[in-house]
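For reference, the structure is listed below as structure tokens.
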Amino acid sequence: MTAIAPRFGPQLIRLLLVTAVLTVGLLGALAGTASAHAALTGSDPKDGAVVDVAPREVTLTFSEQIAMGDDSIRVLDPSSKRVDVAKMQDLSQGGTVRYAVGLKPGLPDGTYTVAWQAVSADSHPVSGAFTFSVGAPSATTATVPDQEAGGGLVGTLYDAARYISYAGFILLVGGAAFVLACWQRGASVRPLQRLVVGGWVTLTAATLVLLLLRTPYTGSGKLGDMFDLGGLSDELDTKTGAALVSRLLLLGAAALFIAVLFGAYAKRVTEAESESESEQDGEGNADAGKAKADLAFGLSLGGTVVAAGIAGTWALSEHASTGIQTGLAMPLDVLHLLAVAAWLGGLVSLLVALYRVPDLERAAVRRFSRIAFSSVVVLAVTGVYQSWRQVGSWDAWTDTSYGQLLLVKIGLIAVLLGAAWFSRRWTGLLGEDAKTAKTTKTAEAGAEADGEAEPDAEAGVDVAEAGTAADPERAAQLARQRTALATARKKRDRDADTERSGLRRSVLIEACVALVVLAVTTALTGTEPGRTQEKEVSRTGTEAAAPASARPVNLTEPFDTGGTKGKGTLRLTIDPASPGTNLMHVWIDGPDGKPMDVPEVKVAYTLKSQQIGPLPVVPERLAAGHWSAGNVQIPMPGDWHLQVTVRTSDIDQTTIEKNVKIG
């Protein structure tokens with residue numbers, strides 16, 4: 001068993017690191033299919049409007065705060081040339097989010113396409129398009145350029161930086177908590193110092209990269225724009241930009257915390273241990289222990305405040321800051337992040353100590369085991385609340401990207417808890433504790449003093465070194481041999497402990513699974529919650545094509561939103577189903593064939609071959625179960641993708657998708 005351990009660890013690390021990287025890529029692709037919270041709620045001119053005189057500007061109104069760049073709104077004439085001019089204007093007031101862009105004077109008659117892209121308040125990319133006409137509708141060849149907000153190389157780099165920033169936070173907070181709460185002597189252990197400092201450097205660097213990438217991420221999509229100082233200045237006025245700057249300031253305070261932890265506090269711990277040994281000999285006093293306790297209390301209090309502040313920069317700028325019950329969701333999100341850091345960061349710290357520090361006390365492992373259990377309880381409580389708040393319905397678990405990712409995360413956490421159970425068993429089987437180890441070492445030292453210790457290779461090194469004191473080169477060679485012998489002895493003693501080897505392997509598996517859990521969590525923060533995400537396919541399970549003809553479109557499809565009184569039949573007509581102005585009617589019938597009144601019906605259509613759309617249509621309610629839109633502008637012929645969303649309650653809705661032939 002002990003012979004396998006040295007080879008087993010590195011191979012497993014490499015294998016699961018590759019798994020984690022592949023998982024990040026897969027989850028990033030899956031998360032990229034999700035839509036976002038913010039939506040276009042109005043425009044001037046309205047979608048499909050026909051105006052006599054060309055407007056001086058186009059105004060867009062959104063449902064919530066968004067981040068936009070100067071190139072986020074584009075107006076294209078019938079020949080696909082841009083006709084918008086000047087810098088975009090932010091006309092938001094109070095709770096209304098409104099943006100405007102000026103147009104060139106003297107625009108000729110015809111149909112114009114307005115394409116927009118932005119990033120919503122919780123970091124999701126959003127985009128869309130609609131049309132209006134001057135004078136009279138006309139044929140148009142306008143195509144929306146392939147310029148997706150938050151996509152491409154910039155989006156990939158941004159997602160990678162978000163993943164790295166979470167990892168840095170976990171190492172920084174979890175490593176420091178492990179030292180203060182579990183193993184105070186670890187403050188003077190170099191591997192743990194490197195781990196915590198590495199977490200700080202990683203989080204700081206990733207935060208700087210995220211701040212620089214905000215401009216291309218929310219605007220042009222060009223990597224070179226990350227050094228645009230004007231764009232960076234604009235980003236600092238957004239909620240996400242302010243959160244990133246706040247995180248950098250808090251990391252400055254964290255640097256001071258680290259300096260005290262591994263400087264003054266490590267010195268106090270050493271002095272307290274020496275004082276404790278002196279007291280056993282009848283000497284010394286309690287001053288060193290009191291000074292250490294006071295400093296530990298100050299570091300714990302200050303470190304908790306700084307860690308909660310850093311966690312708050314995520315809570316203030318992502319999912320917790322939008323949607324329902326934000327006043328409760330944000331504090332619970334901070335608790336969730338702190339519990340994750342205490343568990344996973346402490347896990348990595350324990351792994352480092354088990355592999356690099358042979359004399360780790362059993363008491364330290366048991367203290368971490370108790371902290372990990374408490375962290376899991378906090379994660380369970382806050383996770384259940386977050387799941388209820390973000391998923392919203394049972395169907396959303398399987399019908400939305402967010403729900404599917406959350407199921408993957410729950411499964412991985414179950415695996416993680418299984419590995420943790422084995423770790424707890426190995427913890428209970430650990431060999432001698434710190435007191436026994438100290439007694440053994442004292443006895444060995446006494447035996448050596450009485451001449452009873454057996455001579456070993458290191459003693460021979462000492463003799464040789466004494467005889468060559470005048471030769472510096474030989475002395476250096478002997479010092480290296482002494483170090484190699486000491487290292488070999490420690491490694492032999494460490495591998496001889498069967499229980500400790502088993503604990504190392506189980507903790508290693510936990511840490512590697514945690515890498516994948518972190519990847520899923522990062523993908524979740526970039527995916528729209530299931531409570532508001534429109535389903536990509538209807539619950540009927542298929543996407544059929546409507547009759548391909550130039551005649552009026554007539555559709556009849558059953559639907560089921562999954563809620564109470566959620567079943568019915570949708571009937572839709574588009575007349576004459578040709579480019580230009582069309583008349584659309586939507587009827588909603590209940591299972592008994594009678595008109596069924598529903599709170600909302602929305603329609604959108606996209607010409608994927610020309611990258612136009614989705615063009616939204618919000619029909620007006622004429623009577624119970626009857627909705628109509630009399631000025632539906634379809635800019636050009638083709639195979640259009642039609643989406644009809646029916647909502648039967650605050651949270652129950654479904655989307656029916658069809659392909660229809662126009663023209």
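The values are calculated or read from the model by the stated rules, or taken from the named source; none is laboratory data. All values derive from a computational prediction rather than experimental measurement. Please note: Cβ atoms are built from the backbone with ideal geometry, for glycine as well, and neighbour counts cover all protein chains shown. Side chains included, ligands, DNA and RNA excluded: accessible areas come from the protein's heavy atoms. Shrake-Rupley method; radii C 1.70, N 1.55, O 1.52, S 1.80 Å.
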Inset, instruction - Please give the net charge around ARG98, taking every other residue with its beta carbon less than 13 angstrom from that of ARG98, where Lys and Arg add +1 and Asp and Glu add -1. - result: -4
Legend entry - At R0 = 35 Å, FRET efficiency that the Cβ-Cβ distance of ASP109 and LEU223 yields, to 0.05: 0.30
Inset, instruction - Once you have the Cα-Cα distance between ARG571 and SER80, take 0.36 nm times their residue separation minus that, and quote the gain in nm to one decimal. - result: 173.3 nm
Inset, instruction - Please work out how much accessible surface HIS626 shows to a 1.4 Å probe, ignoring ligands, DNA and RNA, in Å² rounded to 10. - result: 40
Legend entry - Label-to-label distance, nm, for residues given as ALA160 and GLN481 (7 Å Cα→Cβ offset): 4.8
Legend entry - Length released on extending from THR96 to GLU473, taking residue separation times 0.36 nm less the Cα-Cα span: 128.0 nm
Inset, instruction - Would you kindly state how much longer the chain becomes between ALA264 and ASP592 on full extension, computed as 0.36 nm times their sequence separation minus their alpha carbon distance, in nm to one decimal? - result: 110.3 nm
Legend entry - Under 18 Å from the ALA255 label point (7 Å along Cα→beta-carbon), backbone N, segment 180-223: 194-212
